[in-house]
């Protein structure tokens with residue numbers, strides 16, 4: 001989709017973000033959210049798309065938005081490891 005320019009990375013992250021946030025909050029699945037960072041990265045990916053397309057070795061996943069379960073710990077972010085008793089623990 002992105003490689004064929006059917007949708008931009010920014011458009012994709014907006015759609016993905018809306019769905020992930022609305023459904024995630026309904027089901028209490030979100031501990032941290034990086035939509036602003038994802039949006040900025042998507043803008044960068046869109047800007048660099050033409051250069052990327054010139055490469056011989058390309059991935060079909062270029063600019064794809066993903067959601068990572070919180071058992072992948074990132075410094076400075078919340079992680080519950082799937083257990084509510086860990087919420088807000090340092």
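See the values below:
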quantity	calculated
Filtered residues of the stretch 1-15 (kept if at pLDDT 80 or above and either part of a loop (DSSP other than H, G, I, E, B) or in contact with a helix residue (DSSP H, G or I) (Cβ under 8 Å, 6 or more places away or on another chain) (or both))	5, 6, 7, 8, 9, 10, 12, 13, 14
Residues of the stretch 25-48 classified as more than 20 Å from residue 62 (Cα to Cα), without any contact (Cβ under 8 Å) to a residue 24 or more places away in the chain and more than 10 Å from the chain's Cα centre (by Cα), total	6
Inter-residue pairs, beta-carbon under 9 Å, first free of Cβ contacts under 8 Å to residues at least 12 places away in the same chain and in the stretch 1-12, second buried (at least 19 other Cβ atoms within 10 Å of the Cβ) and outside any loop (DSSP other than H, G, I, E, B), 6+ apart	1/12; 11/42
Residue in the stretch 53-63 that is modelled with pLDDT of 90 or more and assigned to a helix (DSSP H, G or I) present	no
Candidate set: the stretch 16-38, residues that are at pLDDT 85 or above and within 22 Å of residue 75 (Cβ to Cβ); chosen: the one surrounded by the most Cβ atoms within 10 Å (Cβ to Cβ)	38
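The values are calculated or read from the model by the stated rules, or taken from the named source; none is laboratory data. Here the structure is a predicted model, which means the values were calculated and not measured. Heads up, the Cβs are rebuilt from the backbone with ideal geometry, glycines too, and the neighbour counts pull from every protein chain shown.
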